[in-house]
Each structure stands twice: as structure tokens, then as C-alpha cells.
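What follows is a single structure, written as C-alpha cells, with notes after it.
The values are calculated or read from the model by the stated rules, or taken from the named source; none is laboratory data. This structure is a prediction, so every number in the text was calculated from the model and none was measured. In this analysis, Cβ positions are derived from the backbone assuming ideal geometry, glycine residues included, and neighbour counts consider all displayed protein chains.
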Amino acid sequence: MGQIAENIHMLHDDLVIPQTGYDDFNVDALIYAILGATGGVGVTTTAIQLAYFLANVKHASKQKTLLLSLDFENCSISQYLDARPKVTLEEFKQDPSVIDNAFMERVVSETAFGFYVMSLPNCLGGNDAARPETVLTFLDLVSQNFNNIVLDVPRIWMPWTHAAIGAADKVAMITELTVPGLHLASQKRQALLKAIDELADIEFILNKVERRSFRNSLKLSDAERALGVSYLPTFPANLDSIREAINRGMPIGAASKETRFVRDANELFSEWTSVALARREREASAF
């Protein structure tokens with residue numbers, strides 16, 4: 001049984017999740033979940049850059065990375081990467097028994113940037129219409145077939161959100177340096193930690209941080225106190241570079257490697273992967 005499947009059965013004991021039948025090929029993916037305290041804070045941009053980083057680091061030649069949205073109503077991956085969805089909402093309304101390797105290979109596409117992606121169609125009411133058992137079965141299957149999975153987690157809670165976040169090796173919440181953004185980030189973190197026992201912690205990221213200081217503006221130290229952390233990673237507001245990358249349908253790192261956003265993001269992602277791999281090695285040696 002895959003890592004996500006274990007969470008599915010613990011957290012959703014009222015759902016019947018069929019075995020995918022591919023346990024012999026279980027690679028036990030490293031899972032990274034990116035979510036936002038509010039809308040428009042850069043979750044999709046960050047998730048795309050993380051997938052690009054994981055697919056292009058030195059040790060990535062024999063690894064497969066999948067970028068995946070969990071939102072059937074507001075998925076923007078296809079627009080950001082100019083990738084047309086290859087799956088319909090109707091397919092995720094079917095019985096979970098339809099989910100197999102052939103289905104996965106058909107709906108997942110390899111990008112020109114080294115990683116794979118499954119983009120969902122944007123359908124009004126799609127999150128309510130999708131069958132939770134089918135979505136969770138698909139998540140379990142991809143966790144057995146990819147080395148890295150980057151989840152673009154929607155703000156709206158869905159039946160599959162719980163298991164996906166609980167299974168993640170790293171959960172990061174993006175917010176901005178505003179009073180509402182900091183309050184919402186703190187509240188959402190507490191709610192998630194209370195709801196998901198398997199979730200050890202959530203790392204905050206401040207995005208769109210201006211390095212210029214204005215009178216009466218919030219400072220990084222204010223944010224650290226508000227969120228109760230001693231260190232807070234920040235991404236700069238390279239709006240022109242980000243806008244150019246989105247308009248070209250590319251990850252920012254592929255469009256403009258020398259921006260401060262790319263350097264800061266890749267430094268943080270490198271730390272994440274080192275910690276996650278070291279933890280996996282310790283867990284493997286314990287058995």
C-alpha cells in the first residue's frame with residue numbers, strides 16, 4: 001500500500017479505496033504540498049518552480065517529478081504552462097476501479113522542462129462533482145510511480161485534501177507581508193495542525209517581499225513575531241520576470257535563471273530536498 005493510501009484509510013475510513021495493483025513498482029514518492037493563506041499569493045508559480053527545480057537538480061536524471069493540482073474548479077496549471085488538460089471531470093466521477101497505469105499514462109504529460117504534469121479542467125461545481133474515492137485512488141497510484149510529487153493545494157477544503165497534506169514530506173504555506181495575510185496564515189496553520197494528526201508542522205514563506213523600506217510598513221521581524229517563527233524564508237517581488245514567464249508558458253527558472261526569485265527559491269528547495277532525503281535514509285536504516 002502506498003504512502004497516500006495509508007493516509008486515505010486512516011483519515012477516510014468511510015471510503016473504499018481499491019488496491020491499484022502496482023505495489024511491486026512502489027517508489028514511495030517524496031511529496032511536497034504548497035498551499036496559500038489567501039488567494040493570489042503565488043502558490044501555482046511556486047509549485048511550478050519547485051517541480052522545475054526537482055526535475056533539473058544534479059541527481060534528477062533517473063527520477064520522475066509530477067506537478068499535480070487538486071482543484072477541479074480553479075486549476076491554473078494549464079494556463080501557466082500552456083498545457084491543455086488531457087482528462088475530463090467525467091472521468092473522475094467514475095468508479096475508482098477505472099484508475100490504473102493506462103489511465104495514468106494517458107492523462108499525465110511530460111513537459112519540455114523535465115517534469116510531468118496533470119492539469120485539471122476548470123468546471124463549475126467540479127470539486128463537488130468529482131468522486132473522492134476516484135481522486136484518492138489516483139493520488140495513491142501516482143505516489144507509487146513518481147519519485148517526487150508537487151501538489152498545488154487549493155484553498156477550498158475537499159475530501160482528498162486531508163489525506164494528501166497528511167502524506168506530504170514537506171508542507172509550505174505562502175502568504176504576503178500584510179496584516180490580513182499574516183493573521184490568516186497563522187489561523188490556517190493552527191486549523192490544519194489540529195485537523196491532521198500526521199502533519200508535524202507547516203513552513204511559512206513570505207512572497208512578493210519588497211526590499212525597500214517605507215515608514216509605517218511591516219518588517220520581516222514583525223512577520224516572524226506574528227507567525228511565531230525565528231526564521232522566515234522570503235521570495236522577492238520580481239513581478240516583471242514572473243509575468244514574462246507566465247506569458248511564455250514557462251517556469252520562472254527556465255525563462256530567467258538569474259532573478260533573485262529563482263536564486264532564493266532554489267536555495268530553499270535545495271534545503272527541503274536534503275532534509276527530506278536524510279529523513280528517508282534514517283527511516284530506511286531503522287528497519
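One table, with the values for the structure above:
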| read-out | value |
| --- | --- |
| Among residues of region 146-176, those that are farther than 19 Å from L54 by Cα, in contact (Cβ under 8 Å) with a residue 12 or more places away in the chain and surrounded by fewer than 20 Cβ atoms within 10 Å (Cβ to Cβ), counted | 4 |
| Elements of type helices (runs of 4 or more DSSP H) contained in region 171-287, each with 1 or more residues being within 19 Å of the chain's Cα centre (by Cα) and either within 20 Å of V43 (Cβ to Cβ) or among the acidic types (D, E) (or both) | 179-195, 239-247, 252-255, 260-286 |
| Selection count, region 105-137, where residues are without any contact (Cβ under 8 Å) to a residue 24 or more places away in the chain and more than 16 Å from V150 (Cα to Cα) | 5 |
| Qualifying residue in region 106-116 (condition: under 19 Å from the mean Cα position of the chain (by Cα), under 28 Å from I252 (Cβ atoms) and among the acidic types (D, E)) | yes |
| T38 being within 27 Å of F204 (Cβ to Cβ), in contact with a Gly (Cβ under 8 Å, 6 or more places away or on another chain) and in contact (Cβ under 8 Å) with a residue 40 or more places away in the chain | yes |
| Residue check for V87: free of Cβ contacts under 8 Å to residues at least 40 places away in the same chain and surrounded by 15 or more Cβ atoms within 10 Å (Cβ to Cβ) | yes |
| Looking only at region 166-216, and only at residues there that are touching a Pro at 6+ places or on another chain (Cβ under 9 Å) and acidic (D, E), the one that is farthest from G36 (Cα to Cα) | E210 |
| Restricting region 110-141 to residues that are modelled with pLDDT of 90 or more and touching a strand residue (DSSP E or B) at 6+ places or on another chain (Cβ under 6 Å), the residue that is surrounded by the most Cβ atoms within 10 Å (Cβ to Cβ) | F115 |
| Qualifying positions in region 189-205 - touching a residue at least 40 places away in the same chain (Cβ under 8 Å) and closer than 19 Å to F235 by Cβ | I205 |
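Every residue, every condition in (1) of a type in the set (V, I, T); (2) more than 15 Å from the chain's Cα centre (by Cα); (3) at pLDDT 90 or above, yes or no:
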site	(1), (2), (3)
G2	no, yes, no
I17	yes, yes, no
Y22	no, yes, no
I31	yes, no, yes
G42	no, no, yes
N74	no, no, no
E90	no, yes, yes
K93	no, yes, yes
